[in-house]
Amino acid sequence: MTGFLKLLFRNRLAAMGAVILGAILLLVILTPILPLQNPDVTATADRFQRPLSPGHLLGTDHLGRDLLARLLYGTRLSLIVGVAAALIAGIIGSAIGITAGYFGGRLDNIVMRGVDMLMAFPYILLALAIVAALGPGLMNALIAVAAVNIPFFARNIRGITVGLAGREFIDAAKLSGMGHTRIILTELLPNVLPVIIIAMSTTVGWMILETAGLSFLGLGSQPPQADLGSMLGEARSSLITSPYVSLVPGVMIFLIVMSINLLGDGVRDALDPRLRSGALSRPLATTLVSGARRPVPPARDGLLQIADLRTQFHVGSRIYKAVDGVSLSVRPGECLGIIGESGSGKSVTALSLMGLVASPPGIITGGSVWFDGRDMIGAPYEDLRRIRGDRVAYIFQDPLSTLHPLYRIGDQLAEAIQAHHKIGKAEANERALQLLRDVRIPNPESRVRNYPHEMSGGMRQRVGIAMALVNDPAVIIADEPTTALDVTVQAQILMLLEDLRRERGLAIVFITHDFGVVGQLCDRVAVMYAGRIVEEGPTAEVLARPSHPYTKRLIACVPELGQGRREMAAIAGLPPVVSDLPPGCAFAPRCDKASDSCRKGDIALSGSGGRAVRCLFPEEALT
Ligand code: SF4
């Protein structure tokens, strides 16, 4: 709850809405005990007293009634009716939507066609028809406003329920023998509840307006009882001569609706799990770079050189050191593997190279990335945009989420070329076709017209590779491109990357957690743990003589075919949380060789000739 309130109040507009609405609520709660005049007592001798007249802070209306008293009592009534209408519409509409979405089939069809028919009427006409049938009065206006909003909730909640009803956790609940009512109440409702709350918080202002509209037309509250709409209606005749009589309820309606909408938007954002991790704003076009960062000169040769790179995530008061002083380099035609468990900082390192880490919450606090003799950290967005996808290309793990679902793959490939080079559409299409041939997609002439969903996972990944190759890049950064594929397709993709590397002299940075893949493709490997490199060297040497205990245990986790009874060696424990690293060696809590000296002070990465390890008691001494 504290986290929710913190996020809510970080949004300044939502905070302003909360303050205004809180002040109004406080006033209307205290109204019965405030020293106010009777709002319904007329005094014709005091008609149209101006604001700040003696005894009448906001003046009087056409019957001499005190406007301040009528305003506060009227606001109280309008808020009660608006909130009650939102609750009734939300509860009944959500119940209809959940039931129709969960059971589906004929019930869904019948219920939703009825809802569609109701939504086909202009809602204000429908509300007028209901009030005409029931008769004027505030209670009937409340029923009418609630009734016309039920279809809105039913349709929204039904759409979300349909998506959830087909998910595995609902199937699991059914298989466990749970009844429909229990599944709806314990499995579906908790998942839909945030949406219902958000819909109610954003529509309550709308319902206050609708109730005020009915009262304005004389169909809501009846004299002498006042609500904001009836006050406006009664002030119509004196709009020109005494505008303050209309202005007072008008301003109050504006303040209530505006504050509820601002607060409702804030609640929606704070409840959205995608926005919780960062500030409530869109990510910047490039990763934020700390003003305190100092460029670090490259220490090694290479086409792409990473020098003491540091990337952090700032979430509230916590700082996650995702990449903490990483230095690497890759030469033309070389494949560098970066390996480690999930959360070790591999992908964040890869994304930091071209400023693709989402900011907020990501921030690059130190180091440099040298490409073509230029430091890319902090480079202007236009320069980065020119290089991204052209000289430095990415292949991501899940091509289904990186390819646009609504465009044919040929069009997407052609667009990627035309984004960087001034060539005609026909030439771009021809090049797209050739690329599909290069990545060995069978029957490329017809496949070029396919949408991503019409292809298998392996085919889509080949399209992802073709997309990375479109502009003949110098460097490809492949972030676990084979993880989601089965072993036969994985082998084909690795062979394809290997061939392309040889044919085109590509430099590849290959992110993976699989030493088998590293052994097959990479010339050199860097092992990452808790955001730092703990060992690096030529792949054959690291595989034959791992020096860091973590590397040795990672290699021991790889199953070997035909080794029969070899014991699998899982690494006990979990990687540390990078916001709360222990002093000394981060691997110490999981290391059999750990001693007191490992838990004191920083341990440097030491070695020579491209072979280095960060350990006080390595398994193999480096020569
Ligand atoms: S420094 Fe100590 S704790 Fe860390 S890996 Fe080496 S032996 Fe283990």
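Kindly indicate whether any position in region 576-591 is under 30 Å from Asp301 (Cβ atoms), of a type in the set (A, V, I, L, M, F, W, C) and loosely packed, with under 14 Cβ neighbours inside 10 Å.
no
What are the pairs with Cβ atoms under 9 angstrom where one residue, in region 596-623, is touching a residue at least 40 places away in the same chain (Cβ under 8 Å) and assigned to a loop (DSSP other than H, G, I, E, B) and the other, located anywhere, is among the β-branched types (Val, Ile, Thr) and away from the ligand (no atom under 11 Å from the Cβ)? Sequence gap at least six, or different chains.
From residues that are touching a residue at least 40 places away in the same chain (Cβ under 8 Å) and assigned to a loop (DSSP other than H, G, I, E, B), the pairs are Leu605/Ile533; Arg614/Ile533.
One residue is enough: does region 439-459 have a residue meeting the conditions surrounded by fewer than 20 Cβ atoms within 10 Å (Cβ to Cβ) and within 18 Å of Leu506 (Cβ to Cβ)?
There is at least one residue in region 439-459 that is surrounded by fewer than 20 Cβ atoms within 10 Å (Cβ to Cβ) and within 18 Å of Leu506 (Cβ to Cβ).
Residue-wise test of (1) of a type in the set (D, E, K, R); (2) in a helix (DSSP H, G or I); (3) free of Cβ contacts under 8 Å to residues at least 60 places away in the same chain; (4) under 21 Å from Leu57 (Cβ atoms).
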site: Gly218; (1), (2), (3), (4): no, no, no, no
site: Leu232; (1), (2), (3), (4): no, yes, yes, yes
site: Ala235; (1), (2), (3), (4): no, yes, no, yes
site: Ile240; (1), (2), (3), (4): no, no, yes, no
site: Val245; (1), (2), (3), (4): no, yes, no, yes
site: Pro249; (1), (2), (3), (4): no, yes, no, yes
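Conditions (1) modelled with pLDDT of 90 or more; (2) touching a Cys at 6+ places or on another chain (Cβ under 7 Å); (3) surrounded by 20 or more Cβ atoms within 10 Å (Cβ to Cβ); (4) within 16 Å of Gly291 (Cβ to Cβ), marked per residue:
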position: Thr349; (1), (2), (3), (4): yes, no, yes, no
position: Ser359; (1), (2), (3), (4): no, no, yes, yes
position: Gly366; (1), (2), (3), (4): yes, no, yes, yes
position: Trp370; (1), (2), (3), (4): yes, no, yes, no
position: Gly389; (1), (2), (3), (4): no, no, no, no
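Go through region 523-536 and count every residue that is more than 34 Å from the chain's Cα centre (by Cα) and more than 16 Å from the ligand (Cβ to nearest atom).
Count: 2.
Checking the condition within 30 Å of Ala144 (Cβ to Cβ), surrounded by 19 or more Cβ atoms within 10 Å (Cβ to Cβ) and in contact with a strand residue (DSSP E or B) (Cβ under 9 Å, 6 or more places away or on another chain), which residue from Leu21, Leu67 passes?
Leu67
Among the candidates Leu26, Leu77, which residue alone is modelled with pLDDT of 90 or more and not assigned by TED's automatic domain parsing to the domain that holds Ile143?
Leu26
Among the candidates Ala604, Ala540, Ala544, Ala572, single out the residue that is more than 10 Å from the ligand (Cβ to nearest atom), under 38 Å from the mean Cα position of the chain (by Cα), surrounded by fewer than 17 Cβ atoms within 10 Å (Cβ to Cβ) and more than 22 Å from Thr311 (Cβ to Cβ).
Only one candidate passes the filter, namely Ala572.
List the residue pairs whose Cβ atoms are under 8 Å apart, where the first residue sits in region 355-367 and is under 13 Å from Asp324 (Cβ atoms), the second is of a type in the set (D, E, K, R) and buried (at least 20 other Cβ atoms within 10 Å of the Cβ), and the two are 6 or more positions apart or on different chains.
Ile364/Arg310; Thr365/Arg310; Gly366/Arg310; Gly367/Arg310
Based on this model, can you work out whether Ala612 counts as touching a Leu at 6+ places or on another chain (Cβ under 9 Å) and among the aliphatic types (A, V, I, L, M)?
When the stated conditions are applied, Ala612 passes them.
This table checks each residue for (1) under 30 Å from Thr482 (Cβ atoms); (2) of a type in the set (Val, Ile, Thr).
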position: Val517; (1), (2): yes, yes
position: Arg532; (1), (2): yes, no
position: Glu536; (1), (2): yes, no
position: Phe587; (1), (2): yes, no
position: Cys591; (1), (2): yes, no
position: Leu622; (1), (2): no, no
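Can Asp499 be described as acidic (Asp, Glu), outside any loop (DSSP other than H, G, I, E, B) and surrounded by fewer than 22 Cβ atoms within 10 Å (Cβ to Cβ)?
yes
Take the residues of region 99-110 that are out of contact with any Ser or Thr (no Cβ under 6 Å at 6 or more places or on another chain) and within 24 Å of Phe169 (Cβ to Cβ): which is surrounded by the most Cβ atoms within 10 Å (Cβ to Cβ)?
Among those that are out of contact with any Ser or Thr (no Cβ under 6 Å at 6 or more places or on another chain) and within 24 Å of Phe169 (Cβ to Cβ), it is Ala100.
Which residue, of Ala84, Ala45, is under 41 Å from the mean Cα position of the chain (by Cα), aliphatic (A, V, I, L, M) and assigned to a helix (DSSP H, G or I)?
Just one listed residue meets the conditions, Ala84.
When only residues in region 465-488 that are of a type in the set (Ser, Thr, Tyr) and part of a loop (DSSP other than H, G, I, E, B) count, which is modelled with the lowest pLDDT?
My answer is Thr483.
How about region 575-596: which of its residues are in contact with a Lys or Arg (Cβ under 6 Å, 6 or more places away or on another chain) and away from the ligand (no atom under 13 Å from the Cβ)?
Val578, Ser579
Is it the case that some residue within region 552-567 is closer than 25 Å to Ala307 by Cα and either of a type in the set (Ser, Thr, Tyr) or within 16 Å of the ligand (Cβ to nearest atom) (or both)?
There is no residue in region 552-567 that is closer than 25 Å to Ala307 by Cα and either of a type in the set (Ser, Thr, Tyr) or within 16 Å of the ligand (Cβ to nearest atom) (or both).
Only one of (1) within 18 Å of Pro481 (Cα to Cα); (2) in contact with a Ser or Thr (Cβ under 9 Å, 6 or more places away or on another chain) fails for Leu403. Which number is that?
Tallying (1) within 18 Å of Pro481 (Cα to Cα); (2) in contact with a Ser or Thr (Cβ under 9 Å, 6 or more places away or on another chain), Leu403 fails exactly one: (2).
Please go through (1) surrounded by fewer than 22 Cβ atoms within 10 Å (Cβ to Cβ); (2) within 27 Å of Leu574 (Cβ to Cβ) for Gln312 and return the number of the only condition it doesn't satisfy.
Answer for Gln312: the failing condition is (1).
Please find, among Arg614, Arg599, the residue that is of a type outside the set (Gly, Ala, Ser), within 8 Å of the ligand (Cβ to nearest atom) and touching a Gly at 6+ places or on another chain (Cβ under 8 Å).
Within the list Arg614, Arg599, the selection yields Arg599.
The values are calculated or read from the model by the stated rules, or taken from the named source; none is laboratory data. No experiment lies behind these values; they were computed from the predicted model shown. Note: ideal-geometry Cβ built from the backbone for every residue, glycine included; neighbour counts use all protein chains shown.
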